[in-house]
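In what follows, a single structure is set out as structure tokens and then discussed.
The values are calculated or read from the model by the stated rules, or taken from the named source; none is laboratory data. As the structure is a prediction and not an experimental result, all values here were calculated from the model. Cβ atoms come from the backbone with ideal geometry, glycine included; neighbour counts cover every protein chain shown.
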Amino acid sequence: MNVVIIGNGITGVTAALRLRERRPDCNITIVSGESTYHYSRPALMYLYMGHMTWADTKPYEDDFWKRQRLDLVRGWVTGVDVSGRRITLHGGGSLAYDKLLIATGSKSNKFGWPGQDLPGVQGFYDLMDLRLLHENTVRAEHAVIVGGGLIGIELAEMLHSRNLHVTFLVREKYYWNNILPSEESKMICRIIRAAGMDLRLSTNLKEIVDDGTGRVTGVVTDTGDRIDCQLVGLTPGVSPNIDLVKDSPIATGRGVLVDLSLRTNVPDIFAAGDCAEIVTPDGERNLIQQVWYTGKAQGRVVGDVLAGDEREYEPGIWYNSAKFLDLEYQTYGFVSNEPREGERHLWWEHPDHGHGIRIVHDGRKVTGFNLMGIRYRHEVCERWIREERPIEYVLDRLAEANFDPELYRRHESKIVPALRAQIARAAT
Ligand SMILES: Cc1cc2nc3c(=O)[nH]c(=O)nc-3n(C[C@H](O)[C@H](O)[C@H](O)COP(=O)(O)OP(=O)(O)OC[C@H]3O[C@@H](n4cnc5c(N)ncnc54)[C@H](O)[C@@H]3O)c2cc1C
């Protein structure tokens with residue numbers, strides 16, 4: 001059996017390794033346009049800042065793939081010939097498959113802004129963007145970042161670390177306030193400003209201005225401001241990268257449509273990771289998950305399914321973590337930016353604005369946690385949510401979840417009474 005996997009990101013390589021474990025006999029080929037060898041995409045920022053080398057970003061030695069009998073093909077796939085069971089490659093050539101996995105990840109959003117394709121304007125997703133960023137920062141003194149998500153703040157931190165003056169345009173009232181409640185968002189706004197960046201909230205990009213020679217020289221915002229700059233980072237989110245299946249019978253929505261076993265509508269073609277849109281059997285909103293651990297989890301499942309097993313992906317309890325400059329963030333379960341019906345949000349924040357915790361419950365059970373500048377154990381929070389523990393149970397044991405390093409100040413003796421007082425106030 002010939003299995004071809006398009007994409008050597010975490011999803012594609014996890015699937016390949018799982019399939020190799022299960023089916024030592026089959027031929028597996030991994031195709032990627034970006035790099036021959038798999039590397040860690042979240043490490044891109046550390047490569048730019050000089051904290052890691054290229055070798056550090058690769059979890060496997062280069063000869064590992066040969067030892068695993070995984071063939072690596074470097075090239076861009078331009079299309080899928082479903083009836084001929086072949087994929088076509090840019091520059092000619094094609095590869096035959098018996099089973100095909102599409103694991104092509106995401107691509108940066110662009111919203112048709114005037115000037116968005118000028119030299120000096122770029123997104124930040126892959127190694128090509130990293131190379132471009134090195135070139136674009138050589139002579140730049142002032143950068144404007146557009147879009148206040150996780151990649152936007154990474155890019156802002158990276159450029160700030162090279163002493164560029166950074167202006168950060170955020171459409172929302174506070175940073176990432178479409179996802180985070182206002183208190184958490186405000187904490188992050190404070191640290192962005194404390195670092196010396198020019199954060200402009202409730203501000204949209206209107207156009208990117210050309211210097212007359214075809215290079216960026218500034219931006220104009222919808223508040224009427226003109227900001228001079230030599231570099232514009234466009235980071236208004238990502239979308240599933242599904243270009244290569246556009247002209248094929250493979251069904252797409254926002255991503256490649258798949259069932260819980262990650263099968264597309266075409267027999268023997270599968271999709272997983274950032275590019276997949278899982279059609280939920282209960283008809284609720286389809287699932288697109290665009291983080292590292294979900295790519296890995298879906299890769300494992302689809303590896304088994306490619307090997308011939310009946311398996312379904314179980315999304316489980318959501319978690320994520322990030323670092324906003326020096327402020328660590330973890331989230332477990334479901335925490336919306338505004339309380340949903342029947343939901344109660346309890347929030348404690350240290351007067352230094354560098355530590356905060358939110359616990360969400362519905363009166364009967366705890367459903368989510370946000371941690372800002374405090375570390376809580378994943379397995380403990382997840383267990384409390386899974387076991388549907390009441391808020392009182394969790395507050396009685398809150399300190400058990402803390403895993404801040406030794407000698408860090410712990411805050412549970414302040415947090416627990418403060419949250420209990422909020423519960424009592426809400427009850428009166
Ligand atoms: C800068 C940045 C930082 C991030 N940080 C974090 C983080 O800290 N934590 C976290 O959980 N997530 C993070 N993410 C998200 C995470 O990296 C992705 O969710 C994850 O990489 C998705 O894995 P994937 O294998 O599905 O896709 P990808 O990693 O995008 O891999 C897809 C691969 O497919 C290849 N490909 C695409 N189209 C074609 C084609 N037509 N032909 C050939 N090859 C093709 C690409 O070259 C690429 O190598 C970050 C993302 C970015 C961009």
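Just a few scattered comments:
- Just one residue in the set Lys58, Lys66 is more than 14 Å from the ligand (Cβ to nearest atom) and assigned by TED's automatic domain parsing to the domain that holds Pro24; that residue is Lys66.
- Test: residue in region 399-409 that is of a type in the set (Asp, Glu), buried (at least 17 other Cβ atoms within 10 Å of the Cβ) and modelled with pLDDT under 95: no
- Checked against (1) assigned to a strand (DSSP E or B); (2) of a type outside the set (Lys, Arg); (3) touching a Cys at 6+ places or on another chain (Cβ under 7 Å); (4) without any contact (Cβ under 8 Å) to a residue 60 or more places away in the chain, Thr217 meets all criteria but (3).
Listed here are the residues, each with its yes/no results for (1) among the β-branched types (Val, Ile, Thr); (2) in contact with a Pro (Cβ under 9 Å, 6 or more places away or on another chain); (3) not in a strand (DSSP E or B).
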| residue | (1), (2), (3) |
| --- | --- |
| Val305 | yes, no, yes |
| Glu310 | no, no, yes |
| Tyr313 | no, no, yes |
| Ile317 | yes, no, yes |
| Lys323 | no, no, no |
| Tyr329 | no, no, no |
| Asn337 | no, yes, yes |
| Leu346 | no, no, no |
| Pro351 | no, no, yes |
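- So Pro267, is it under 22 Å from Ile30 (Cβ atoms), surrounded by fewer than 16 Cβ atoms within 10 Å (Cβ to Cβ), away from the ligand (no atom under 12 Å from the Cβ) and in the same structural domain as Thr78 (by TED's automatic domain parsing): yes
- Unmet requirement for Tyr125, which otherwise passes all of (1) in the same structural domain as Gly7 (by TED's automatic domain parsing); (2) within 16 Å of the ligand (Cβ to nearest atom): (1)
- Any hit, region 28-51, residues being farther than 19 Å from Gly303 by Cα and over 23 Å from the mean Cα position of the chain (by Cα): no
- Some residue of region 14-23 being out of contact with any strand residue (DSSP E or B) (no Cβ under 8 Å at 6 or more places or on another chain), β-branched (Val, Ile, Thr) and within 15 Å of the ligand (Cβ to nearest atom): yes
- The condition of being modelled with pLDDT of 95 or more, over 30 Å from Arg85 (Cα atoms) and under 25 Å from the mean Cα position of the chain (by Cα) does not hold for Ser239.
- Residues that are surrounded by 20 or more Cβ atoms within 10 Å (Cβ to Cβ) and assigned to a loop (DSSP other than H, G, I, E, B) were ranked within region 249-264; the one that is farthest from the ligand (Cβ to nearest atom) is Thr264.
- Of the residues making up region 158-198, those that are part of a helix (DSSP H, G or I), closer than 19 Å to His353 by Cβ and touching a residue at least 12 places away in the same chain (Cβ under 8 Å) are Ser182, Glu183, Glu184, Ser185, Lys186, Met187, Ile188, Cys189, Arg190, Ile191, Ile192.
- Residue within region 73-87 that is surrounded by fewer than 22 Cβ atoms within 10 Å (Cβ to Cβ), within 15 Å of the ligand (Cβ to nearest atom) and over 27 Å from the mean Cα position of the chain (by Cα) present: yes
- Among residues of region 286-338 being surrounded by fewer than 15 Cβ atoms within 10 Å (Cβ to Cβ) and closer than 27 Å to Arg20 by Cβ, the one that is nearest to the ligand (Cβ to nearest atom) is Tyr293.
- Among the conditions (1) of a type outside the set (A, V, I, L, M, F, W, C); (2) within 16 Å of the ligand (Cβ to nearest atom); (3) crowded, with 21+ Cβ neighbours inside 10 Å; (4) over 14 Å from the mean Cα position of the chain (by Cα), Gly105 misses just one, which is (4).
- For region 45-79, taking the residues that are assigned to a loop (DSSP other than H, G, I, E, B) and of a type in the set (Phe, Trp, Tyr), the one that is nearest to Thr137 (Cα to Cα) is identified as Trp54.
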